[in-house]
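What follows is a single structure, written as structure tokens, with notes after it.
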Amino acid sequence: MAQATFHFPRGFLWGTATSSHQVEGDNKNNNWWAWEQESGRIAEGHTSGLACDWWAGRWQEDFDRAVETGQNAHRLSIEWSRIQPAPDRWDEHALDNYHQMLRGLKERGLTPIVTLHHFTDPFWLEEQGGWENEAVAALFEAYVRRVVETLKEYVSIWCTINEPNVVATAGYLMGWFPPGKQDLNAAIQVMTNQVRAHSAAYHAIHEIQSEARVGLVVNYRGFDPLRTWFPPDRLAARYVSRLYNDFFPRAALDGKLVFLTKRITIPQAIGTQDFLGINYYTQELIGFAPRAPKEIFLRRSFPENVDLSPSGVIANIPKGFLKALHWGLQYKVPIIVTENGVEDAADELRPRYIAEHIHQMWRAVNAYYPVEGYFHWSLIDNFEWHQGWTQRFGLWELDPETQIRSKRPSADLYAAICKQNGLSSDMLAEFAPIILEKIFPD
Ligand code: BGC
């Protein structure tokens, strides 16, 4: 067996990512909490409950876990509904709690990356029409100003909106997320307002903190044609990719919002990304299906004979990750991998998923793609939105009832990668021998 190590550049950021509603617990003043109380919304009737109990202080022990496993960064999000519990009220205690968390990261040598909107909205905003209401851009800007003014001492990398493409798709086309709509016009309105809100936040942050770096986080999903020889499949895959993957970073590049039926230009959006956050989990095949109007004339599937996560939602396709990073190059800004991971309670697939994806990322870095860091989703099992607690993404397992954490083997593999700033054949021999020959051939 060849012995070798794939090294990453000095200063590469290695961390994990979390989001407020998924880890904090007792987070009752937003649209997700209300949604969880409705029957039939969340798998097995689960609720976020105490989540990982970070709001009461358990972030301290989890940040210690991150440090002990060699990480040097962490991505978390701020909960709008805590900072602004009512339209005319700011909560200083909540701001102070985030102050302490961010100081906690800094004191532990973890570089913070902070997301300002990760899926949840204050309940009062939802009552005003949420993201369909044009006023959301100004409201979001006011909240962002308050946060950045208070927390800038600890943070210089800000993500405005996490996965606006998922919010629009899951909330307004599929009906999985609140407000549970299936309405194309509403989705178009929401996407337009997300670009406005992102741009307003971008400019506000730079006004307050000139050295800040601000970006969007996109959920990139590879879409390949089901039948490469069939032009309608090729067209469908290309179109879905443009709308899902390109829409937001394109808007932040040249201010152009390209829908199937119309184009809009928002000049304030031009040049509003200092980096691009890419969340990559998987890729899929797209077939044109004229008899499936409900699925918007598409048939979606995974290639045959690929490794699937236990509930079948993630196919392990590491080459799709390299493709995602290659796709990101066109926006001509540095890339941060803001999320990558797999649900796998038994930790059978995760070690090789991690190793194979990091190997592909090394290929990108080795070819001088400007990738600055990697954030594994996630540090610890957390509330997985409409899948509740049925999908487990943590390097640590969590029992949400007892709050007991148990380390999965993947945490040790990831620790070895972070500590060595690279991926070695010895690590694979220990944690994922099945792919050793594939990644380090003789
Ligand atoms: C989201 C996370 C989520 C993860 C796993 C990402 O799309 O940003 O909040 O937990 O996927 O499904």
Cβ-Cβ under 6 Å pairs, at least 6 apart or on other chains, segment 116-136 side on the phi > 0 side of the Ramachandran plot, far side within 16 Å of the ligand (Cβ to nearest atom) = Gly130/Asp121
In segment 247-256, the residues that are touching a strand residue (DSSP E or B) at 6+ places or on another chain (Cβ under 8 Å) and in a helix (DSSP H, G or I) | Phe247, Phe248, Pro249, Arg250, Ala251, Ala252
Say whether the condition of being more than 16 Å from the ligand (Cβ to nearest atom), within 23 Å of the chain's Cα centre (by Cα) and surrounded by fewer than 23 Cβ atoms within 10 Å (Cβ to Cβ) is met by at least one residue in segment 114-129.
-> yes
Taking the residues in segment 187-222 that are of a type in the set (D, E, K, R) and assigned to a strand (DSSP E or B) as candidates, determine which candidate is nearest to the ligand (Cβ to nearest atom).
-> Arg221
For residues in segment 297-345 being within 16 Å of the ligand (Cβ to nearest atom) and of a type in the set (Asp, Glu), which is nearest to Phe12 (Cα to Cα)?
-> Glu339
Taking the stated definitions as given, is Arg299 under 26 Å from Pro231 (Cα atoms), surrounded by fewer than 20 Cβ atoms within 10 Å (Cβ to Cβ) and touching a residue at least 60 places away in the same chain (Cβ under 8 Å)?
-> yes
Scanning segment 66-78 residue by residue, those crowded, with 23+ Cβ neighbours inside 10 Å and not hydrophobic (A, V, I, L, M, F, W, C) turn out to be Gln71, His74, Arg75, Ser77
Can you name the condition, by its number, that Ala415 falls short on among (1) in contact with a Lys or Arg (Cβ under 9 Å, 6 or more places away or on another chain); (2) part of a helix (DSSP H, G or I); (3) not β-branched (Val, Ile, Thr)?
-> (1)
Considering (1) more than 16 Å from the ligand (Cβ to nearest atom); (2) crowded, with 18+ Cβ neighbours inside 10 Å; (3) outside any helix (DSSP H, G or I), say which one Thr228 fails and leave the rest.
-> (2)
If a residue has to be away from the ligand (no atom under 16 Å from the Cβ) and surrounded by fewer than 22 Cβ atoms within 10 Å (Cβ to Cβ) to count, how many in segment 234-246 make the cut?
-> 9
Filter segment 265-294 for residues that are in a helix (DSSP H, G or I) and farther than 29 Å from Ala197 by Cβ; the one that is nearest to the ligand (Cβ to nearest atom) is Lys294
With Val147, Val217, Val166, Val195 as the choices, which residue is crowded, with 22+ Cβ neighbours inside 10 Å and farther than 30 Å from Glu92 by Cβ?
-> Val195
Restricting the search to segment 338-389, which residues are touching a helix residue (DSSP H, G or I) at 6+ places or on another chain (Cβ under 7 Å) and among the acidic types (Asp, Glu)?
-> Asp344, Asp347, Glu356
Quick one: which of Glu134, Glu126 is of a type in the set (D, E, K, R) and part of a loop (DSSP other than H, G, I, E, B)?
-> Glu134
For segment 346-396, which residues satisfy the criterion of being away from the ligand (no atom under 15 Å from the Cβ) and basic (Lys, Arg)?
-> Arg352, Arg363
Would it be correct to say that Glu430 is closer than 29 Å to Phe8 by Cα, free of Cβ contacts under 8 Å to residues at least 60 places away in the same chain, surrounded by fewer than 24 Cβ atoms within 10 Å (Cβ to Cβ) and within 16 Å of the ligand (Cβ to nearest atom)?
-> no
Would you check which residues across segment 374-404 are charged (D, E, K, R) and either within 16 Å of Ser48 (Cβ to Cβ) or buried (at least 19 other Cβ atoms within 10 Å of the Cβ) (or both) and list them?
-> Asp381, Glu384, Arg392, Asp399, Glu401
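All of the numbers you see were taken from the coordinates with simple rules; none came from a lab. This is a predicted model, so every value here is computed, not measured. In this analysis, Cβ positions are derived from the backbone assuming ideal geometry, glycine residues included, and neighbour counts consider all displayed protein chains.
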